[in-house]
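So the structure is just underneath, and the comments pick up after that.
Just so it is clear, none of the values below were taken in a lab; they were calculated from the coordinates. Quantities reported herein were computed from a predicted structural model and do not represent experimental measurements. With ideal geometry, Cβ positions are generated from the backbone for all residues, glycine too; neighbour counts draw on all protein chains shown.
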Amino acid sequence: MIETKVKKRDGRIVGFDKNKIVNAIFKAFKEVDGKVDEYAKEVADKAVQTIEINNSKPVLDVEEIQDSVELTLMCSYRKDVAKAYIRYRYLHEMGRDRYSLLMRAVANKLEAQDVENQNANVDEKSFGGRLGEATRVLTKTFALDYLLSPMAKANHENNEIYIHDLDNYAVGNHNCLSIPFDDLLKNGFNTRQTDVRPAQSINTAFQLVAVIFQLQSLQQFGGVAATHLDWTMVPYVRKSFYKHWQDGIKYCEGISLNNIEPIAPEDVSIEADYYKTRYPKAYSYALDMTVKETNQAVEAMYHNLNTLQSRSGNQLPFSSINYGTCTLPEGRMVIKALLETSIKGMGKLHKTSIFPCGIFQCMKGVNRVFGDPNYDLFRLALKSTALRLYPNYVNVDWSVNEGYDRDDPRTYTSTMG
C-alpha cells in the first residue's frame, strides 16, 4: 500500500491525517442527529479505508479527498448527513474564496495597485494613504457582514442605496459638523496634551481655526465647518487694531500710553470716533497694520489647511468656511481677505486651494443687488468662483430658514461642503 500524501491548497505536501476525515463526518452526523452513533463510526471508517486502500496516487489533492468522503456518504443510506457535509464543505469553500478575495483587495490597496483617489484630500499612494485604504476595505467588509441587516446590505451592494462612509460605520462616530468657533476662540480649549488660551489677535485667531479643524478631524470622519467666520473674527480684528493703535499712539502721536484711558477693544468698532478723530495718525497706522495682519493671517490659514495633514498622516481635513453677511467694517475686512487670498492662490505657483471650501452666504438686503452694503464683496466672490472654483453659494432666504435674525448668524443657514 502506498503511503498517502496530501497536497494542501497552499501547495504544501503533508502526511494523510485520517482524524480530519473522521472529525468532518462526525460533525455532519452531529448536525443532523445531535450525536455520533455506531453507524457514524462505520461510515467514517469506510471513508478512511476508501482513501487509504483504493488510492493508487502517491499524492492526493484536498479536493479529491473531500470528493471521496462525499461519495461515501452518498452511498450510505444517510443522504441527509451527506447533504449536511456538502453544505459544510460549500460554506467553508465560500469562506476561503471570500477571504482570498478580501486579502487580494487589501494587497491591492497596500501596494497602491488600485488607486482611485476618491477624495481630493487623500493621497492613496502615500504611506498613510495605502494603510488607510487597506483598513477601509476591512472595516467596510466587517460592517456589511456583521452590522447591516441583510436587506440594507443587499441594497448597498446592488446600488439601490449608497451608505456613505460605510468604512466608519462600525466605530459609530459622527459625520460632518459645524464647530463652535465663537466659544472656542473666546474661552480657549483643551487638547490631549495641553490647553490653549483665548485668542488675543486676528493672527492668533486664524491660526487656532486651522488647529481646531485639525484636532476635530482626528475625532470623527467627514468634514468640519465654520458657520459664520466673518462674524466670528470681528472681536479679534478689533483686538489687533487696538494693539497697533497703541503703537501708533506711542510712535506716531508721541503720546505716552499712561495718558490714554484703557478700553475693552473687542467692544469698540475700528471706525469709532474714539480712534478716528482724536488720534488720526495713530488711526491710519493701526488700520494699515490691521489690514496687513488680517491678510497674512488668512493666507497662513489657507496654507495650513492645504499642507497640515491629519488622519494617519495622509489626509487633509475637509474644512468649510461660511461668510458674506457681516456688514461691520471688521467683518468686511475678513471677507475681503478671504476672497483675495482665494483669488491669489497657494504657493509660488499660485495653485487653486483645495481647502477650505468657501461658502458665500447670500442674503437679501445685504449682498444681493447693487446698493447692498456687501454687494461689492458678492462681486468679488463671483470673480473668485470664476478663477478658483470657490466660493460656493448658499441662499439664506430660503423657506425653511424663515424668521431668522440677520444680526445673529447662529440663526440662519450655513453648510458643510
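Below are the figures for this structure:
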read-out	value
Residue among HIS156, ALA40, VAL69 farthest towards the positive dipole end of the chain, charges placed on Cβ	VAL69
For the chain, calculated [θ]222 nm from helices alone, where every DSSP H run of n ≥ 4 adds -39500 (n - 2.57)	-16500 deg cm²/dmol
Segment GLU111-GLU70, extension gain: residue separation times 0.36 nm, minus the distance between their alpha carbons	10.7 nm
Most mobile listed residue (THR277, THR135, THR232) in the chain, GNM with C-alpha springs under 10 Å	THR277
Net lengthening on full extension, ASP145/LEU389 (0.36 nm per residue, minus Cα-Cα)	83.8 nm
Length-normalised contact order of the chain in % [C-alpha pairs under 8 Å, at least 6 apart]	12
Modelled FRET efficiency - R0 22 Å, ILE13 with TYR99, Cβ distances, 0.05 increments	0.45
Distance between modelled label sites at ARG410 and SER269, nm, 7 Å Cα→Cβ extension	2.3
Cβ charges +1 (Lys, Arg) and -1 (Asp, Glu), total dipole of the chain, debye	800
Value of Rg to Rh for segment 276-417 (Rh from inverse mean 1/r over Cα pairs, i.e. Kirkwood)	1.01
Reported label for calculated semi-axes √(5λ) of the Cα gyration tensor in Å given [x] 49, 23, 21; [y] 72, 21, 18; [z] 38, 32, 27	[y]
The chain: most fluctuating residue of PRO58, PRO180, PRO280 per GNM, C-alpha cutoff 10 Å	PRO58
Where a label projected 7 Å from the Cα of ASP80 along Cα→Cβ would reach, residues of segment 17-52 with amide N under 20 Å	24-44
Hits among lysines - C-alpha to C-alpha of LYS7 under 18 Å, sequence gap 8 or more where chains match	LYS18, LYS20, LYS57
Cβ-derived FRET efficiency at R0 60 Å, ASN175 paired with GLU42, nearest 0.05	0.50
Calculated FRET value between LEU218 and PHE370, using beta carbons and R₀ = 45 Å, to 0.05	0.50
Label-point gap, in nm, between LYS186 and GLN246 - each point 7 angstrom along Cα→Cβ	2.2
Segment 1-72, relative contact order in percent, only Cα pairs under 8 angstrom and at least six apart counted	44
Label-point separation in nm, VAL32 to LYS57, each point 7 Å along Cα→Cβ	2.7
Over segment 5-93: Rg over Rh, Cα atoms, Kirkwood Rh	0.96
The chain: most fluctuating residue of ASN367, ASN168, ASN258 per GNM, C-alpha cutoff 10 Å	ASN258
Likely footprinting exposure, PHE189, PHE370, PHE29, fewest C-beta neighbours within 10 Å first	PHE370, PHE189, PHE29
